[in-house]
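The values are calculated or read from the model by the stated rules, or taken from the named source; none is laboratory data. Fair warning: this is a prediction, and the values are worked out from it, not measured in the lab. Cβ atoms come from the backbone with ideal geometry, glycine included; neighbour counts cover every protein chain shown. Accessible surface areas use protein heavy atoms only, side chains included; no ligands, DNA or RNA. Shrake-Rupley method; radii C 1.70, N 1.55, O 1.52, S 1.80 Å.
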Amino acid sequence: MCGAIHQEFESPTLRLYKNVIILNKKEGETPLEALEKFRRKHKEYKEAKITYAGRLDPMAKGVLVLLAGEETKNKEKYLGLDKEYEFEVLFGFSTDTYDILGKISYSDILKNLEMSELEKLTKKNLKFFVGEFTQAYPAYSSKAVKGRQLWQYARGGEDVESQSREVSVKNLKFLGIRKITAKKLLTNIEKRIGKVNGDFRQEEILKIWKKNLA
């Protein structure tokens, strides 16, 4: 639980070609907010047709590729490019969005598991997430089904047919493990969720985190 990209760059625009825009999306921003910010800064793209070549969730930060004009027709080519992520997993909790911006659906603070044992199990199980396999889309995702995105069905409590796709993971590298106190974790979560605008159930979700971390 709690995936996030940790690539950071000096400029909000990494590279700008005629029809390919590579942005640095900040944590807390939605792809649409990043796009609108870009349009305001670059007036020549104000009326241009632009699409995303892959999206990033609000809690993720890093490379966001936009395609403009005729390049929008080549979207599938860009979606097939290799990607690299750096992420953290918060052991002991699971949420309905698979990150901290979600309602806790399971909680087990792992009181009886030593850090050394947890690290050993983590390294041992990495191999099960490498290779080609079928991966289900999260209930809270932008995958479109019958003209609506999956998160819209989830927010409305509506059932929808499960969606999945074939994925390929070339390599996983374990970087380390650390402890965090409940107080520091809650401070971290409050700060990060506070960056998010719009209706993402922030108030309700923060109440649940506070209750579980009390």
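Hey, which of the strands (runs of 3 or more DSSP E) in segment 89-174, taking only ones fully inside, have at least 1 residues that are without any contact (Cβ under 8 Å) to a residue 40 or more places away in the chain? Write out each step before concluding.
Working: elements: 93-95, 104-107, 131-136, 164-169.
Correct list: 104-107, 131-136, 164-169.
For residues in segment 176-214 being open to solvent by less than 40 Å² (accessible area, probe 1.4 Å) and of a type in the set (D, E, K, R), which is nearest to Lys37 (Cα to Cα)?
Initially, segment 176-214 is screened for residues open to solvent by less than 40 Å² (accessible area, probe 1.4 Å), giving 185-186, 189, 192-193, 196, 201-202, 205-206, 209, 213.
Of the ones still in play, those that are also of a type in the set (D, E, K, R) are 192, 201.
Values: Arg192: 20, Arg201: 23 Å.
Checked segment 176-214; the qualifying residue nearest to Lys37 (Cα to Cα) is Arg192.
Can you tell me which residue in segment 151-175 is surrounded by the fewest Cβ atoms within 10 Å (Cβ to Cβ), limited to those that are in contact with a strand residue (DSSP E or B) (Cβ under 8 Å, 6 or more places away or on another chain) and closer than 22 Å to Lys103 by Cα? Steps first, answer last, please.
Step one: of segment 151-175, the residues in contact with a strand residue (DSSP E or B) (Cβ under 8 Å, 6 or more places away or on another chain) are 153, 160-169.
When the remaining residues are screened for being closer than 22 Å to Lys103 by Cα, the result is 153, 160-163.
On the way: Tyr153: 17, Val160: 15, Glu161: 7, Ser162: 10, Gln163: 14.
Among those residues, the one meeting the criterion is Glu161.
Could you please give the count of residues in segment 187-208 that are at negative phi and under 19 Å from the mean Cα position of the chain (by Cα)? Lay out the reasoning, then the answer.
Initially, segment 187-208 is screened for residues at negative phi, giving 187-197, 199-200, 202-208.
Those still in the list that are under 19 Å from the mean Cα position of the chain (by Cα) too: 188-197, 199-200, 202, 205-206.
Matching residues across segment 187-208 total 15.
Suppose we keep only residues that are open to solvent by less than 100 Å² (accessible area, probe 1.4 Å) and of a type in the set (S, T, N, Q) within segment 76-117. Which one would you say is nearest to Val65 (Cα to Cα)?
Thr97
A quick yes/no check of all residues on (1) in contact with a helix residue (DSSP H, G or I) (Cβ under 7 Å, 6 or more places away or on another chain); (2) at pLDDT 95 or above; (3) of a type in the set (Asp, Glu):
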{"position": "Ile22", "(1), (2), (3)": "no, no, no"}
{"position": "Glu29", "(1), (2), (3)": "no, yes, yes"}
{"position": "Arg40", "(1), (2), (3)": "no, no, no"}
{"position": "Asp57", "(1), (2), (3)": "no, no, yes"}
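Being surrounded by 14 or more Cβ atoms within 10 Å (Cβ to Cβ) and assigned to a loop (DSSP other than H, G, I, E, B) is the filter; apply it to segment 43-53 and report the residue that is modelled with the lowest pLDDT. Before you say what the answer is, go through the steps one by one.
Residues of segment 43-53 surrounded by 14 or more Cβ atoms within 10 Å (Cβ to Cβ): 45, 48, 50-53.
After this cut, where a residue has to be assigned to a loop (DSSP other than H, G, I, E, B) as well, the list is 48, 53.
Details: Ala48: 91, Ala53: 94.
Within segment 43-53, the match that is modelled with the lowest pLDDT is Ala48.
Looking at Ile193, Ile189, Ile208, which one is in contact (Cβ under 8 Å) with a residue 24 or more places away in the chain and more than 26 Å from Glu86 (Cα to Cα)? Write out each step before concluding.
Working: Ile193 fails: more than 26 Å from Glu86 (Cα to Cα); Ile189 fails: more than 26 Å from Glu86 (Cα to Cα).
The match here is Ile208.
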